[in-house]
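Chemist: Below: one structure in structure tokens.
Bear in mind these aren't lab numbers, they're just calculated from the coordinates by the rules spelled out. Worth saying up front: this structure is predicted, and the values here are computed from it rather than measured. Note that each Cβ is placed from the backbone with ideal geometry, even for glycine, and that neighbours are counted across all protein chains shown.
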Amino acid sequence: MTETSETRQVPVVERLLSANEQVAADNRAHFQAQQVTVINIMASPGAGKTTLLMATIAAMQERRIGVIEGDVASQVDADRIATTGAPVVQINTGGACHLDAPMIRGALVELPLDALDLVFVENVGNLICPVSFDLGQDFNVGLISVPEGDDKPYKYPGIFEAVDLVVVTKSDLMPYLDFDLDAFKTLVHGLNPDAPVLSLSAKTGVGMDAWVAWLETQLA
Amino acid sequence: MHELSVTEDILRIVREHAERAGASQVTDITLVVGELSSFIDDSIQFYFNMLSPDTVAEGAELHFKRISTRFRCRQCGTEFEPEGRDWICPECQALGGDVIAGKEFYVESIEVTSNGGNRDD
């Protein structure tokens, strides 16, 4: 009777977050079956995500729009969206810094997907973590507000590389701040030449047309 | 604080591969983590210490291979590492490039021991 033990290396090479990605693939298939376009909105806290969504819902009355709101805590954003009459589900992540695909799957049952054309997912305010978690969305949109500064792509390249469109919000503040829109566009396109960069103010309505036109193109 | 769910994923993958390999103990786990992937070594280690007891991976050492972000210039194809505000291709001075490294996030390998003893049956 002998006891032997050997140490050996076992190659694995298995991507982490594959469990999330599997659920994201299920979500994506579900959205396709329901013929609904899903847009994941990522931005810093206070960039104007909810304000833009409210203005978008008002500007696209002929489209049936639903919203999934992600926040660490509270119902505040869902309550604001609800004033527009659009169906909305609030997800509270309880501390987590991003939404993930299982959270979206859980929220879907509360939305009348078969009666919607477009669903916005407002991710938790954060420029880093949401990028790593596929939700099953059709498009990623990154928002950056003028007060945040035009050098954000240097600091958070991941999000600018991951998005299909960049929207600069609060453009009405440009006369008062040093945001260089051309320099910002050059940086974004250095990383992601395919992502258009739009600039708008949900407050004044300037630039909303191009945003709505982009959305309509994705819905067509 | 998403490292908790990520660490659960690490443990799941490690246990599956350890079982398939007939291992009795996992001694080392090597993770490849790109600079852009937003995961913090210390935090993964913290949750690993919390989650791994009473599993085949209890006491295993985590090794992190950090991968720097690399661009491939779209003008001339030169590969380079951007640093801070320096995104300029060293060859042709074009700005930016396609990200060809830095997004990795996977379990590369594990080291395991197998007790082959009590073979007298």
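Chemist: Give me the three principal axis extents of the protein assembly as shown from the C-alpha atoms, as integers in angstrom, largest value leading.
Modeler: 83, 53, 32
Chemist: If you average the sequence gap of Cα pairs under 8 Å that are 6 or more apart and divide by the length of the stretch A:151-205, what percent do you get for the contact order?
Modeler: Result for the stretch A:151-205 is 52 percent.
Chemist: Can you quote the Å³ per residue value for the convex hull of the Cα atoms in the stretch A:162-220, rounded to an integer?
Modeler: 82 Å³
Chemist: On each of the three principal axes of the Cα atoms of chain B, give max minus min coordinate, whole Å, ordered largest first.
Modeler: Answer, in whole Å and largest first: 70, 32, 16 Å.
Chemist: Separate question: Quick one: angle between helix A:49-59 and the longest Cα principal axis of chain A, in degrees between 0 and 90, rounded to 10, please.
Modeler: Orientation of helix A:49-59: about 50 degrees from the principal axis.
Chemist: Considering the options A:A220, A:G46, A:C129, tell which one lies farthest towards the positive end of the dipole of chain A, charges being +1 on Lys and Arg and -1 on Asp and Glu at the Cβ, about the Cα centre.
Modeler: A:G46
Chemist: Determine the sum of side-chain charges near A:C97: Lys and Arg each +1, Asp and Glu each -1, restricted to other residues whose C-beta is under 13 angstrom from that of A:C97. Kindly include the intermediate steps, with their values, before the conclusion.
Modeler: Numbers: positive: none; negative: A:D71, A:D100, B:E3.
Computed value for this residue: -3.
Chemist: If you project the alpha carbons of the stretch A:94-191 onto the principal axes, what extent comes out on each, in Å, largest first?
Modeler: 44, 26, 26
Chemist: Only helical DSSP H runs with n ≥ 4 go in: add -39500 (n - 2.57) per run for the protein assembly as shown, normalise by residue count and round the 222 nm mean residue ellipticity to 500 deg cm²/dmol. Don't skip to the end; give the middle numbers.
Modeler: Numbers: 10 runs with 104 residues, N = 341.
That comes out to -9000 deg cm²/dmol.
Chemist: While we're on this one: Can you give the log10 of the normalised intensity I(q)/I(0) at q = 0.09, 0.10, 0.12, 0.17 Å⁻¹, computed with Debye over equal Cα scatterers of the stretch A:1-127?
Modeler: Debye intensities relative to I(0), on a log10 scale: -0.32, -0.38, -0.49, -0.88.
Chemist: Which residues' amide hydrogens lie under 5 Å from the amide hydrogen of B:D28, considering only partners 5 or more residues apart or on another chain, with H built in the peptide plane?
Modeler: B:E61, B:E111
Chemist: Here is a further query. List the relative contact order of chain A as a percent without decimals, with contacts defined as Cα pairs under 8 Å and 6+ residues apart.
Modeler: 24 percent
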